[in-house]
1. Conditions: (1) at pLDDT 95 or above; (2) more than 17 Å from V68 (Cβ to Cβ). V175 meets all but one. Number of the miss?
2. Quick one: in the range 43-85, which of the residues that are open to solvent by 80 Å² or more (accessible area, probe 1.4 Å) and of a type in the set (S, T, N, Q) is modelled with the lowest pLDDT?
3. Counting only residues that are under 14 Å from V96 (Cα atoms) and of a type in the set (A, V, I, L, M, F, W, C), which one in the range 131-144 is farthest from the chain's Cα centre (by Cα)?
4. Identify, please: which residue in the range 96-125 is in contact with a Ser or Thr (Cβ under 6 Å, 6 or more places away or on another chain) and in a strand (DSSP E or B) and is, among those, farthest from V173 (Cα to Cα)?
5. Would a scan of the range 161-171 turn up a residue that is of a type outside the set (D, E) and part of a strand (DSSP E or B)?
6. Looking at the range 157-179 only, could you name the residues that are buried (at least 20 other Cβ atoms within 10 Å of the Cβ) and not hydrophobic (A, V, I, L, M, F, W, C)?
7. Name the residues in the range 86-95 that are part of a loop (DSSP other than H, G, I, E, B) and open to solvent by 80 Å² or more (accessible area, probe 1.4 Å), would you?
8. With respect to G147, is the statement that it is assigned to a helix (DSSP H, G or I), at pLDDT below 95 and open to solvent by 20 Å² or more (accessible area, probe 1.4 Å) true?
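The values are calculated or read from the model by the stated rules, or taken from the named source; none is laboratory data. Bear in mind that the values here come from a model prediction, so they are computed numbers and not experimental data. We place every Cβ from the backbone using ideal geometry, glycine too, and count neighbours over all the protein chains shown. Just so you know, the surface numbers come from the protein's heavy atoms only, side chains and all, with ligands and any DNA or RNA stripped out. Shrake-Rupley method; radii C 1.70, N 1.55, O 1.52, S 1.80 Å.
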Amino acid sequence: MAGTSSGIVAALTAAALGAVGFLAYQAQAHVPPGLGRPGPGASASAAARERHSPGAAPAGTGTGDRVVYSLDDDRVWLVRRGDLVQRSFRVTPGTVDPPPGAYWVTSRSSAVLGTDGVPVEHVVRFTSVGGVVIGFSAATGPRTTAGSAARTGGIRETRADGDAMWAFATAGVKVVVIR
């Protein structure tokens, strides 16, 4: 009986990971043309972002509710309609970065074990790159397994920031990745 139930769990896990990957691919395939590609004003907008406080929403990231993630600044903005920044905070990226562009939250988990062996909570996933799922999460404890050289897509935030992300970034909310 134990062999049968572990087989079922393995099959369900594989199906769930496949579904997340498919949804991430679908979301990426429906990005409007030109969004996320550096344009003629890209260096000017990066310079403007650096001059603003973390409380200012980065220009050119769209409208409406959205999560903005800056690869260069390792910073996240939770932005409400009207470019009102609800919260901004620093993050620690994993080893695999998503390409700049627009995505949507595809799935969430309240608590799981990260690919690096660290227990995490409030996991908000939005894409995958080369089979590595990318999302935001907050560590809840120390590594529980031996360290590995696994490629990781977990963008780590503090638990307080993870609580804010969890409340804000429900399924379907836009995530804009910028340089």
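1. The single condition V175 does not satisfy is (2).
2. So the residue we want is S43.
3. If we take residues in the range 131-144 being under 14 Å from V96 (Cα atoms) and of a type in the set (A, V, I, L, M, F, W, C), then V132 is farthest from the chain's Cα centre (by Cα).
4. From the range 96-125, those in contact with a Ser or Thr (Cβ under 6 Å, 6 or more places away or on another chain) are 98, 103, 115-117, 119-121, 123, 125; that's our starting set.
So of that shortlist, the ones also in a strand (DSSP E or B) come out as 103, 119-121, 123, 125.
Numbers: Y103: 8, P119: 25, V120: 21, E121: 19, V123: 14, R125: 11 Å.
By that ranking, first place goes to P119.
5. So the first thing to find is which residues in the range 161-171 are of a type outside the set (D, E), and the list is 162, 164-171.
Now drop any that are not part of a strand (DSSP E or B), which leaves none.
Checked the range 161-171: no residue is of a type outside the set (D, E) and part of a strand (DSSP E or B).
6. E157, D161, G162, K174
7. T95
8. no
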